[in-house]
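Got a structure here, written out as structure tokens. Questions coming.
What follows is calculated from the coordinates using simple rules that are stated; it is not laboratory data. Predicted, not measured: the structure shown is a model, and the values here were computed from it. So basically every Cβ, Gly included, is an ideal-geometry build from the backbone, and we count neighbours across all protein chains shown.
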Amino acid sequence: MTEKYRNQEFINKVTKRIDEIRAQKGIVQEDIVDRTGFTLKQIWIMLNGKSNFTISNLEALANALEVHPKELLDFDFDISKNPPTRKERKGK
């Protein structure tokens, strides 16, 4: 059985960005509950980096914060070097 992929550093960057936007807009967790239908516990789990939340959750949070989802991902991110693609390997 394989482990689920989880990049805690990336999750922390997203949640930090959400907190920055919340603070700028004066939006509290209870407002997000009202705007998303999530429970306060679900919001707490997501915003404290305890959840590898879904794309749908990200979209709901963006709507609750009244921002485009790309705003939640607006932070520095190092792109890893990957091995060559299968097509590249076959062409050599």
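Taking VAL28 as the residue in question, decide whether it is on the phi < 0 side of the Ramachandran plot and without any contact (Cβ under 8 Å) to a residue 24 or more places away in the chain. First the steps, then the outcome.
On the way: on the phi < 0 side of the Ramachandran plot: yes; without any contact (Cβ under 8 Å) to a residue 24 or more places away in the chain: yes.
For VAL28, the condition - on the phi < 0 side of the Ramachandran plot and without any contact (Cβ under 8 Å) to a residue 24 or more places away in the chain - is met.
Looking at the range 38-52, which of its residues are in a helix (DSSP H, G or I) and either loosely packed, with under 14 Cβ neighbours inside 10 Å or of a type outside the set (A, V, I, L, M, F, W, C) (or both)? Before the answer, list the steps.
Here is the first cut: in the range 38-52, the residues in a helix (DSSP H, G or I) are 40-47.
Scanning the range 38-52 gives LEU40, LYS41, GLN42.
If a residue has to be part of a helix (DSSP H, G or I) and polar (S, T, N, Q) to count, how many in the range 53-82 make the cut?
Of the residues in that region, 3 qualify.
Among the residues of the range 21-33, which ones are farther than 13 Å from LEU61 by Cβ and in a helix (DSSP H, G or I)?
Taking the range 21-33 and keeping what is farther than 13 Å from LEU61 by Cβ, we get 23-24, 26, 28, 30.
Those that are farther than 13 Å from LEU61 by Cβ and in a helix (DSSP H, G or I): ALA23, GLN24, GLU30.
In contact (Cβ under 8 Å) with a residue 12 or more places away in the chain and either aliphatic (A, V, I, L, M) or assigned to a helix (DSSP H, G or I) (or both): is that true of ASN12 in this structure? I'd like the intermediate steps shown before the answer.
Values: in contact (Cβ under 8 Å) with a residue 12 or more places away in the chain: yes; either aliphatic (A, V, I, L, M) or assigned to a helix (DSSP H, G or I) (or both): yes.
Answer is yes for this residue.
Name the single residue, out of those in the range 36-92 being more than 19 Å from ALA23 (Cβ to Cβ) and of a type in the set (Phe, Trp, Tyr), that is nearest to the chain's Cα centre (by Cα).
PHE53
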